Amino acid sequence: MHRSHPTQFSKEAARVVVPFAPRPNAPDAPQQGALAATLKALGLEALVGSEIHPRLATRLAEIPEEWVATSATSTRDARRSDLRRLAKWCAGKGIAALADEAALARAVQDFLREAPEWLGAASLARAGSHLAGFLTSLGLTSEAVSAGHRRRMVVRAKNRAARERQTEKKEGKRWLSAEELGQLEASIELAPITPAARARDRAIFVLMTQLLLRRNDIENFRLIDWDPEAGTLTIRHAKNDQEGVGVVYRLQEKARACLEEWLFVSGLGEIEDAEARAVTPIFTMLHKNGGLRRQKGVLRPLTGRSVSRLLTNHGRRAGISGVSGHTPRRSVARLMHEAGYTDEEIQQTGRWDTVEVMRGYVGLSRAQDSAGDFLMSLGI
């Protein structure tokens, strides 16, 4: 149950919800178009077509001008980026965040509760501050974005990062050879698990190696991200994708076959409704008998931690220690370096922020040239 949040709206007004989706020949079509433009200006374009409370709509229309009058361009861009994250998160979960003030407060609270799983401490602090300002601009207050709550969320993000660093130190950074990657995939095919689990785990492993995926990328995939006709898969929640643009990959034949096998075995490939595809995870938890596991009737995605755990278990069966959720991504990047790919090519493939970040992640060190040759040419 969600706790209620104090607002300036009356209970009677909260019950009034109007459809935001434009209707053909509707008399208020110009107004609907203006609202759509407002949402895009705020970075909330992912919510175009959802329900919107009439008083929220009126107040939203005033915010872009306030931004221009009071904020620098860089600040507006940063706010828009964080609101875009919130909107895409809501759209992915099928949450009508603007249906009323209580729904918006709950959406912000739940978003900030999950955000530490993919945002660093600095990014989380910024997002919390911007969302607090956004609710304040709408005349709302909420415990979800109080200063104390934001500090707790930042501490949580820092603790998560610290745990992951300690895990890496304990296990050691492990880069698998091409032969070991092959052995790991073979162990999945021979594992004493259900056919559904085998198809799921192999699809995960192949996608992680071919697209250099993070473990949380697996958790964030929804059916709408897979376009079977084009054979493309979209990563919509990249850690370094500040603008929320997303990255589209055309899958190689093997990856496509593995993904389609899992969707066929699980029955998820039969889901055609657009709204259902937008909220249904591609990779889900399974019962021991291979059936899809639901919590309160809802399919839940396989978490990043679960991805790490299943890779570790398959690694142990193959006699390979130290396998974690980072291993496929790190190993393939290392193999690409050894094969002669440039740093820039590896960075782009793995979606790292910079070449330096990529090199540190993959464990590559590069000595800088000194001025010795120059001085020698001068006889010094």
_Which numbered condition in (1) in contact with a Lys or Arg (Cβ under 6 Å, 6 or more places away or on another chain); (2) open to solvent by 30 Å² or more (accessible area, probe 1.4 Å); (3) modelled with pLDDT of 85 or more is the only one that G304 fails?_
(2)
*Residues in region 182-216 that are within 20 Å of R351 (Cβ to Cβ), in a helix (DSSP H, G or I) and open to solvent by 20 Å² or more (accessible area, probe 1.4 Å): how many?*
4
*Within the bounds of region 235-242, is there any residue that is more than 24 Å from G363 (Cα to Cα), in contact with a Phe, Trp or Tyr (Cβ under 8 Å, 6 or more places away or on another chain), touching a residue at least 24 places away in the same chain (Cβ under 8 Å) and outside any helix (DSSP H, G or I)?*
yes
*Identify, please: which residue in region 73-99 is outside any helix (DSSP H, G or I) and of a type in the set (A, V, I, L, M, F, W, C) and is, among those, farthest from G246 (Cα to Cα)?*
A99
*Members of region 33-90 that are in contact (Cβ under 8 Å) with a residue 12 or more places away in the chain, basic (K, R) and surrounded by fewer than 17 Cβ atoms within 10 Å (Cβ to Cβ)*: R59
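Hey, among T234, T284, which residue is open to solvent by less than 60 Å² (accessible area, probe 1.4 Å), β-branched (V, I, T) and in contact with a helix residue (DSSP H, G or I) (Cβ under 6 Å, 6 or more places away or on another chain)?
T234
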*asked:* I'd like to verify a number: residues in region 100-135 that are open to solvent by 10 Å² or more (accessible area, probe 1.4 Å) and outside any helix (DSSP H, G or I), how many?
replied: 3
*Quick check, is L299 within 22 Å of the chain's Cα centre (by Cα), modelled with pLDDT under 90 and closer than 26 Å to G94 by Cα?*
yes
*Is it fair to say R163 is over 22 Å from D217 (Cβ atoms), open to solvent by 50 Å² or more (accessible area, probe 1.4 Å) and at pLDDT below 80?*
no
*Which condition breaks for R236 when tested against (1) charged (D, E, K, R); (2) within 15 Å of P281 (Cα to Cα); (3) modelled with pLDDT of 85 or more?*
(3)
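Take R329 and decide whether it is over 18 Å from I235 (Cβ atoms) and either in contact with a Phe, Trp or Tyr (Cβ under 8 Å, 6 or more places away or on another chain) or assigned to a helix (DSSP H, G or I) (or both).
No; evaluated as a whole, the condition is false for this residue.
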*Is it fair to say M336 is part of a helix (DSSP H, G or I), open to solvent by less than 20 Å² (accessible area, probe 1.4 Å) and without any contact (Cβ under 8 Å) to a residue 60 or more places away in the chain?*
no
*Conditions (1) in contact with a helix residue (DSSP H, G or I) (Cβ under 8 Å, 6 or more places away or on another chain); (2) open to solvent by 50 Å² or more (accessible area, probe 1.4 Å); (3) in a helix (DSSP H, G or I): number failed by R316*: (1)
*Out of all the residues in region 355-375, is one or more in a helix (DSSP H, G or I), touching a residue at least 40 places away in the same chain (Cβ under 8 Å) and open to solvent by 50 Å² or more (accessible area, probe 1.4 Å)?*
no
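The values are calculated or read from the model by the stated rules, or taken from the named source; none is laboratory data. What you are looking at is a predicted structure, and each value in this text was computed from that prediction instead of being measured. Cβ atoms come from the backbone with ideal geometry, glycine included; neighbour counts cover every protein chain shown. Surface areas here come from the heavy atoms of the whole protein model, side chains and all, with no ligands, DNA or RNA. Shrake-Rupley method; radii C 1.70, N 1.55, O 1.52, S 1.80 Å.
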